[in-house]
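Structure first, then comments.
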Amino acid sequence: EEFFAQGDEEKALGMPVGMLNDRDKVNRPSSQHGFIKFLVAPLMVVSVKVLPPLHPLLSQLRKNMAHWRDVWVQDTPQLEPALLAQRDEDIADLAMEAERLAARAWSVANRLSSASVKGLGTVSETPEPQWS
């Protein structure tokens, strides 16, 4: 809605309207899918790699992408099968990436736990490395 409000303002001022800001021309479900795929998902994947506790956000993002796909299907009278298959593949790819990152986080947690059990101490008990 924020992009559309900006587009409305641009129209009112007689300015050229940005490509994603024209509510009369943009297919909202399609633009949401692209926004998630090309901007939000890559950002979230990197964020979850660095901060595994953010993983539920990546799972929710996949649900959001599936929701916008469903809205797109409802709003589009004649779907191209290839486009629908691509949307489904994008959602499946995001789901697989989320599963891979969840398994990675679990593996790291197990290794840290195992190190603690073997008497190596926890991460917080490990002394700082001495740099020369």
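The values are calculated or read from the model by the stated rules, or taken from the named source; none is laboratory data. Only a predicted model underlies this, so the values are computations on that prediction, with no experimental measurement involved. Note: ideal-geometry Cβ built from the backbone for every residue, glycine included; neighbour counts use all protein chains shown. Each accessible area value is taken on the protein alone, full model and side chains, heavy atoms only, with ligands, DNA and RNA left out. Shrake-Rupley method; radii C 1.70, N 1.55, O 1.52, S 1.80 Å.
Can you put ARG100, ARG23 in order of accessible area, largest first, using a 1.4 Å probe?
Sorted by accessible area, descending: ARG100, ARG23.
At a probe radius of 1.4 Å, what is the per-residue accessible area of MET15, in Å² to the nearest 10?
Roll a 1.4 Å probe over it and MET15 shows about 100 Å².
Just the number please: accessible area per residue for the stretch 27-106, 1.4 Å probe, all protein chains included, in Å².
Computed with neighbouring chains in place, this is 63 Å² per residue.
Between VAL40 and ASN64, what is 0.36 nm times their sequence separation minus the Cα-Cα distance? Round to one decimal in nm.
Here the answer is 7.5 nm.
Do any GluC sites (Glu not before Pro) in the stretch 1-100 lie in a loop, going by DSSP, with at most 15 other beta-carbon atoms within 10 Å of their beta carbon, and if so which? Could the numbers behind the result be given before it?
Details: sites: GLU1, GLU2, GLU9, GLU10, GLU89, GLU97, GLU99; in loops: GLU1.
Sparse-neighbourhood loop GluC sites (Glu not before Pro): GLU1.
Just the number, please: carbon plus sulfur as a percent of the accessible area of the stretch 27-106, 1.4 Å probe, no ligands or DNA/RNA counted.
Working: 3170 of 5040 Å².
Carbon and sulfur together cover 63 percent of it.
Using a Förster distance of 35 angstrom, determine the FRET efficiency expected from the C-beta separation of ARG100 and LEU20, and round it to 0.05.
Calculated transfer efficiency: 0.70.
Determine the sum of side-chain charges near LYS63: Lys and Arg each +1, Asp and Glu each -1, restricted to other residues whose C-beta is under 11 angstrom from that of LYS63. Spell out each step's value before the answer.
Values: positive: ARG62, ARG69; negative: ASP70.
Surrounding charge for LYS63 is +1.
At 0.36 nm per residue, and after removing the present C-alpha to C-alpha distance, how many nm does the segment from SER31 to SER107 gain when stretched out fully? Mind dumping the intermediate values first?
Details: separation 76, 0.36 × 76 = 27.36 nm, distance 3.60 nm.
Going from the current span to full extension adds 23.8 nm.
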